[in-house]
Amino acid sequence: MTISTNNAAALGNSGMPPVGIGEAVKRFREASGYSIEDLAVTCGLTDVEISRIETGEDVDPGRVKRIAAALQMPASILDSL
C-alpha cells in the first residue's frame with residue numbers, strides 16, 4: 001500500500017494550517033489504507049509506538065523515519081525533526 005503523488009500533494013497543500021509530525025504520520029497512514037497494526041508490521045515497530053508518535057507523545061526521529069519510509073512520505077515532511 002502506497003500513497004500516490006496526487007494524494008500526497010493534497011495532504012500537504014490542503015489549505016489547512018500546518019500540522020505536527022504525528023498528525024502528518026496519521027494522515028499519510030490513513031490515506032495509504034494502513035491500520036496502525038498493518039503499519040507496525042510493515043515498519044517493525046509496535047502499535048503502541050506508532051500510536052504514541054501519532055499523538056505527539058513520542059517523536060523519536062529514528063522511529064518516525066522508519067514510518068515515513070514505509071509510507072513513502074516526502075522527505076520535506078521530516079524537516080521539522
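What the phi angles of region 31-41 give under the Karplus curve with 6.51, -1.76 and 1.60, with θ = phi - 60°, is a coupling list of 5, 7, x, 8, 7, 4, 5, 4, 5, 4, 5 Hz, glycine and proline written as x.
For Leu45, no residue has an amide H sitting under 5 Å from its own, ignoring neighbours fewer than 5 places away on the same chain, with H placed 1.01 Å from N. Straightening the chain between Glu23 and Ser51 buys 9.0 nm, computed as 0.36 nm per residue apart minus the Cα-Cα spacing. 3J(HN,Hα) along region 51-62: 4, 5, 5, 5, 8, x, 6, 8, 10, 3, x, x Hz, from the Karplus curve 6.51 cos²θ - 1.76 cosθ + 1.60 with θ = phi - 60°, whole Hz, x for Gly and Pro.
Along region 20-29 the Karplus relation, 6.51 cos²θ - 1.76 cosθ + 1.60 evaluated at θ = phi - 60°, assigns HN-Hα couplings of x, 4, x, 5, 4, 4, 4, 4, 5, 4 Hz to successive residues, with x for each Gly and Pro. Given +1 at the Cβ of Lys and Arg, -1 at the Cβ of Asp and Glu and no other charges, the dipole of region 25-75 around its Cα centre is 240 debye to the nearest 20.
FYI, it's all coordinate maths here, none of it is from the lab. In this text the structure is predicted, and so the values were computed from the model without any measurement. A quick note on method: Cβ atoms are made from the backbone with ideal geometry, for glycine too, and the neighbour counts reach across all protein chains shown.
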